[in-house]
Amino acid sequence: MRRRKTVFVDSDILVIGGGMGGCGATYESRYWGRDLKIVCVEKANIERSGAVAQGLYAINCYMGMQWNENQPEDHVRYARNDLMGLVREDLGYDIARHVDSTVHKFEEWGLPIMRDPKTGRYQREGKWQIMIHGESYKPIVAEAARKAATEVYNRIMVTHLLMDKTRPNRVAGAVGFNVRNGNFYVFRAKAVIVAAGGASHIFKPRAVGEGMGRTWYAPWSSASAYALPILAGAKMTQMENRIVLTRFKDGYGPVGAYFLHLKTYTENAYGENYEPTWYEHTRQLVGDYVDRHPVPTCLRNHALLEEVKAGRGPIRMVTKEAFQDPHKETVGWENFLGMTIGQAVVWASQNIDPKEINPELTTSEPYVMGSHATCSGAWASGPEDCAPAEYRWGYNRMMTVEGLFGAGDTIGGTAHKFSSGSFTEGRIAAKAAVKYVNDLGNDQPQVSEAEYEDLKKTVYKPLENYAVGRNEIVAGTVSPSYLLPIHGLQRLEKIMDEYVGGIGAHYTTNEPLLTRGIELLGMLKEDLAYLGAEDLHQLQRAWELQHRVLASESVTQHTLFRTETRWPGYYYRADHPKLDDKDWHCFTLSRYDRDSGKWEMEKAPVYHIID
Ligand SMILES: Cc1cc2nc3c(=O)[nH]c(=O)nc-3n(C[C@H](O)[C@H](O)[C@H](O)COP(=O)(O)OP(=O)(O)OC[C@H]3O[C@@H](n4cnc5c(N)ncnc54)[C@H](O)[C@@H]3O)c2cc1C
């Protein structure tokens, strides 16, 4: 095999992933650590990477404390309500109290935020959202991170974390490879902040074949945020809490501005308001959570899903009325042009003019993420001043592995942080990481040469498998001795879809299905040793698949552990169809042992620190 060059990079703080959380972490690390070496490593290019790559039309988390619009406590109540009672209130409060200052920085750096001409305040789309001209949101944020970093390494996919050779539960860096020139990178760091986004493509998407990239969630978000800490032995929380989105059909265009700003509404195929039809039924499942205001996102999905199951689909968004107003029509289109151009193209290609036709809605396949309306991710230590003792074992946002921090989609228990909250959480994690590094003194983590040399062999193995096995191809791309990443991905998506509650199973699962799903995932994991990659691009796909499979296993284990249906509309445990506050008003925690391949599950209490 070709010898690959090894490049060593030393840093005080290593930020993995240069999306919203990573840019926030990089920026703030410099503020608190003027003389520190701060390195950000990104598998794409931070100018246009992560879920905000295409731009956004709204910042979804802004309190507006300067105008007394909302207080941080209000946001905690809102997120708690939306997540059916289960959020880390300490972490959510911590973000909410700092998020406004983040948004003010964005504006200072050049992000155009719309203003209400009458009041001069930021233009609200809803109670928490403000409207922006956000096509260049990501490059603006990236510029701040670039200027703050000692170095940004683009085009390097991180595959594994490195552990300290003197203390097994302490992080010492990470390894990865350059997706363009194939060099192997060993990052030695005193503290590591993981901000590598969430996970799409673990469940079979609605659009397959040539359209498989057309998902709501960015197809390049490949679960590294979970797999990296899981492999290092970090505890994860709420991994069962996958998200399903109601969006415009086929293009997954957002509906927030339509509901909130344009005041459009939904109806069934016969022009009826179907939500009240399902009120009593939903109440029997979840009790008075259905009476909360606003109605939790999952329960609104639930009504839609039940109506479709009852044969009265498709569900449509009534746009015809609102679009008679030229201003609203403009806003409706611009909303897509700023962040989901594909939806406008889909409508054009399907002869849908929303002024004439009410467009169809659909529900997406499930995704895993920690920053939107769900809160999967790593179990993190909370802020000193407001975290209950049980949630505090170290520095703020440090995971259960020493020196390993996280932000954004990576950190669990804190839904509704969105782009601004993720950046804010990056800042919070960075401040704590700088303190951790300063407190280390001479007790610095040591990287083991044997560990990174072993990992080097592991990382490039798919290239070797391909080189050795390619002459055995029996037909097309099928080989008896290796599995291509795309084949592995499709196998994963099928397992998750059929056994863990994807679209094909109408989001429904049960214990026998989950148990079988775990067995099948185990077999898939065995076969991953035979992944074949024909080039560096496919090598990246191979490692993305590895990360997706591990995260999927975690999702399946958590779903099996929680024997209730807490979030109907996201998924259903058919054998435990009701919400069960007596036994399950708690967080689920898991820890993976990479030597035995076993998962340990436990419960953790939910503390309500806000009334
Ligand atoms: C479709 C969609 C619409 C949204 N709309 C809005 C909205 O309107 N308003 C709003 O405020 N928020 C919105 N959000 C939420 C917002 O985008 C996220 O909350 C935010 O981007 C999360 O930040 P993050 O840093 O965790 O992840 P990201 O911003 O996705 O960044 C993750 C980064 O890690 C990199 N990475 C991943 N794996 C690796 C690896 N192995 N090695 C190196 N780098 C890696 C990725 O390339 C990426 O740059 C939306 C999200 C989605 C998915």
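The values are calculated or read from the model by the stated rules, or taken from the named source; none is laboratory data. Here the structure is a predicted model, which is why all the values come from computation and not from measurement. Note that each Cβ is placed from the backbone with ideal geometry, even for glycine, and that neighbours are counted across all protein chains shown. For accessibility, only protein heavy atoms count, side chains too; no ligands or nucleic acids. Shrake-Rupley method; radii C 1.70, N 1.55, O 1.52, S 1.80 Å.
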Per the Kirkwood formula over distinct C-alpha pairs, the hydrodynamic radius of the stretch 513-572 in angstrom is 13.1
In the stretch 360-406, the chymotrypsin sites (Phe, Trp or Tyr not before Pro) that sit in a DSSP loop and have at most 16 other Cβ atoms within 10 Å of their own Cβ are W393
The pairs in K431/K578; K190/K461; K165/K457; K190/K456 lying past 31 Å Cα-Cα in this model are K431/K578
Note to self: C-alpha centroids of the stretch 560-611 and the stretch 429-453 sit apart, in Å, by 32
Using a 1.4 Å probe on heavy atoms of the protein chains only, the accessible area for S479 in Å², nearest 10, reads 20
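Taking the Kirkwood radius as the inverse of the mean 1/r across Cα pairs, report the Rg/Rh of the stretch 498-611.
On the way: Rg = 16.7 Å, Rh = 15.9 Å.
My calculation of the ratio gives 1.05.
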Cα extents of the stretch 141-269 along the principal axes, largest first, in whole Å, come to 64, 34, 32
For the stretch 16-23, Karplus-derived ³J(HN,Hα) couplings (6.51, -1.76, 1.60; θ = phi - 60°; whole Hz; x for glycine and proline) come out as 9, x, x, x, 5, x, x, 5
Taking 456-468, 593-605, 550-562 and ranking on average Cβ neighbours within 10 Å, highest first, one gets 550-562, 456-468, 593-605
A student asked for the Cα radius of gyration and Dmax of the stretch 322-448 in angstrom ought to give 22.0, 70
Taking N as the residue count of the stretch 25-168, its alpha carbon Rg divided by 2.2 N^0.38 Å gives 1.23
Expressed per residue, the solvent accessible area of the stretch 259-339 in Å² (1.4 Å probe) is about 50
Filtered hits (aspartates and glutamates, Cα-Cα < 15 Å from K603, offset >= 8 within chain) -> E240, E390, E564, D580, D581, D583
Order by accessible surface, 1.4 Å probe, largest leading, for residues V99, V152 comes to V152, V99
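Whenever you get a sec, compute what percent of the accessible area on the stretch 322-387 sits on carbon and sulfur atoms (1.4 Å probe). Write out the running numbers ahead of the final one.
Numbers: 1270 of 2360 Å².
The computed percentage sits at 54.
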Filtered hits (lysines, Cα-Cα < 21 Å from K355, offset >= 8 within chain) -> K249, K263, K320, K328
Summed over the other residues with a beta carbon less than 12 angstrom from that of V52, with K and R at +1 and D and E at -1, the charge totals -1
For K127 the rounded accessible area (nearest 10 Å², probe 1.4 Å, non-protein molecules ignored) is 120
From DSSP H assignment alone, runs of 4+ in the chain each adding -39500 (n - 2.57), the sum over residues rounded to the nearest 500 puts [θ] at 222 nm at -11500 deg cm²/dmol
For K127, the aspartates and glutamates lying under 16 Å Cα to Cα, once residues fewer than eight places off in the same chain are dropped, come out as E69, E73, D74, D82, D100, D116
The alpha-carbon center of the stretch 495-533 and that of the stretch 349-405 are separated, in whole Å, by 23
With all protein chains present and a 1.4 Å probe, the order of Y530, Y436 from largest accessible area down is Y530, Y436
Semi-axes in Å, largest first, for the stretch 1-78 (Cα gyration tensor, √(5λ)) are 35, 18, 10
Square roots of five times the C-alpha gyration tensor eigenvalues of the stretch 260-366, ordered largest first and given in whole Å, equal 28, 15, 14
The chain: spread of alpha-carbon positions along the three principal axes, whole Å, largest first, is 65, 60, 49
